[in-house]
1. For a test of understanding, tell me how many lysine pairs in segment 83-143 have Cα atoms under 24 Å apart, given they are 8 or more places apart or on different chains.
2. Taking the full set of protein chains and a 1.4 angstrom probe, give the accessible area of PHE79 in square angstrom, rounded to the nearest 10.
3. Roll a 1.4 angstrom probe over the protein heavy atoms and tell me the percent of accessible area of segment 16-175 that is carbon or sulfur.
4. Could you give the semi-axes, largest first, of the ellipsoid that matches segment 75-175, computed as the square roots of 5 times the alpha carbon gyration tensor eigenvalues and rounded to whole Å?
5. How large is log10 of I(q)/I(0) for the chain at q = 0.13, 0.19 Å⁻¹ when the intensity is taken from the Debye formula with one equal scatterer per alpha-carbon?
6. In what order, largest first, do VAL172, VAL41 sit by accessible area if the probe radius is 1.4 Å?
7. Give the ranking of LEU47, LEU16 by solvent-accessible surface, highest area first, calculated with a 1.4 Å probe.
8. Taking only protein heavy atoms and a 1.4 Å probe, what accessible area per residue, in Å², does the chain have with all protein chains in place?
Amino acid sequence: HFDNKQGNRSFQTIWLGDIRYATYLFNLSDPAKKNPTWAHVNILVPLTQFDSATGQSRLNIIMITLLLASSFGYLIFIFSKQIVKPIEILVTAMKGVKTGSLEEIPASESSYEIEYLINTFNEMIRNVSATRKALESKIEELKDANNEIRDTQSALIQSAKMISMGQIVAGVAHE
């Protein structure tokens, strides 16, 4: 019984003991056309070498697949470090700004978007630093003006006391 029939040929695999064979059955037609099938030729081909080569090919394909998967995993790890490291530095610098540290981030060789974030962050730090310096300068000016007002107030109080004392002395002298 042959499962794979194609015209006057058939193919099937069978096991004889521990060995697998490919069987090819050819139906030969009668040259005189008296019988539709004049003879059968059956060829048995052992598949032992084919099976071992197939097993070796499977093993090679599995090894190549594992090698490619581990290579891609390593490349993903390396490239993610190139992306994640600058972002970690940026986040650390932002936390530093929250605590009052205004340090710029050094430029790094990373993607355009990361480089743009770093440049924008550094520009923001320069603006905050300049604003902080201007604010500290204004605070010093206000402190100086406040001290001057206190000194003037003290002088005015002293003058008012002297005027009051002079009026009291003039009133006593008049009496």
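1. Count of close lysine pairs: 6.
2. 120
3. Carbon plus sulfur share of accessible area: 64 percent.
4. 66, 10, 6
5. Treating every Cα as an identical point scatterer, log10 I(q)/I(0) equals -0.94, -1.19.
6. Ranking VAL172, VAL41 by accessible area, largest first, yields VAL172, VAL41.
7. Listed by decreasing accessible area, they come as LEU16, LEU47.
8. I get 83 Å² per residue for this part.
The values are calculated or read from the model by the stated rules, or taken from the named source; none is laboratory data. Predicted model only: the values in this text are computed from it and were never measured. Cβ coordinates were reconstructed from backbone atoms using ideal geometry, including for glycine residues, and neighbour counts include every protein chain displayed. The area values use the complete protein model at the heavy-atom level, side chains included, leaving out ligands, DNA and RNA. Shrake-Rupley method; radii C 1.70, N 1.55, O 1.52, S 1.80 Å.
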